[in-house]
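Here the structure comes first, spelled out in structure tokens, and everything after it is commentary.
The values are calculated or read from the model by the stated rules, or taken from the named source; none is laboratory data. Values in this document were obtained by computation on a predicted structure and should not be read as measured data. Methodologically, a virtual Cβ is constructed for each residue, glycine included, from the backbone with ideal geometry; neighbour enumeration extends over all protein chains shown.
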Amino acid sequence: MIATRPAARDDLDSLVPLVDAYRRFYDQATNFDGTRDFMRSRLANGDAEILLASDNAAGDARAVGFAQLFPLPSTADLAPRWILNDLFVKPEARRRGVGTTLLEAAHEHAASRGVPKLMLRTQVGNVAAKSRYEALGWQRDDAFDTYVLTVRP
């Protein structure tokens, strides 16, 4: 059975390998020290909502995935939005509902905090993820394009 819960400072050792693997998925070099510092700051500053998924089969509570949400005020909505910025499931735990469980937990967590809207971005070619998002009620935004400007290489 897959269980999710908000991550705490004690979860740092479980989070770091997951977050580093997520970064490698996006063609970033392994950087355990940088990842540890980044995640330690998120947990200490409380500037992100981090959900941790564990596989509780046979009493084993190994972390198998995470989702990280960042708050963003929306002037248009006059309310906060959360950006589901990061979602990762270990390759060996995929196709077992972990991603779906994390997406549902993010929805429930946002609702419990009074957040009216979640947003996310995914790679254009990530067909499997897009299919899952749409099956869970996420709607593709055709009204806005995303632009990126690199400020610092």
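Residue pairs whose Cβ atoms lie under 6 Å apart, sitting 6 or more positions apart in sequence or on different chains, and linking a residue in region 3-22 that is within 14 Å of Thr35 (Cβ to Cβ) and touching a residue at least 60 places away in the same chain (Cβ under 8 Å) to a partner that is assigned to a helix (DSSP H, G or I) and of a type in the set (S, T, N, Q), are Val19/Thr35.
Among the listed residues Asp141, Asp145, identify the single one that is modelled with pLDDT under 90 and either touching a Phe, Trp or Tyr at 6+ places or on another chain (Cβ under 6 Å) or not in a helix (DSSP H, G or I) (or both). Going through Asp141, Asp145 in turn, the sole match is Asp145.
Based on what the data block shows, is Leu51 in contact with a Lys or Arg (Cβ under 9 Å, 6 or more places away or on another chain), of a type outside the set (Val, Ile, Thr), modelled with pLDDT of 95 or more and part of a helix (DSSP H, G or I)? So Leu51 fails the test. Restrict the check to region 103-116 and report whether at least one residue is touching a helix residue (DSSP H, G or I) at 6+ places or on another chain (Cβ under 9 Å), in contact (Cβ under 8 Å) with a residue 12 or more places away in the chain, surrounded by fewer than 16 Cβ atoms within 10 Å (Cβ to Cβ) and within 20 Å of Ile50 (Cβ to Cβ). No, every residue in region 103-116 fails to be touching a helix residue (DSSP H, G or I) at 6+ places or on another chain (Cβ under 9 Å), in contact (Cβ under 8 Å) with a residue 12 or more places away in the chain, surrounded by fewer than 16 Cβ atoms within 10 Å (Cβ to Cβ) and within 20 Å of Ile50 (Cβ to Cβ).
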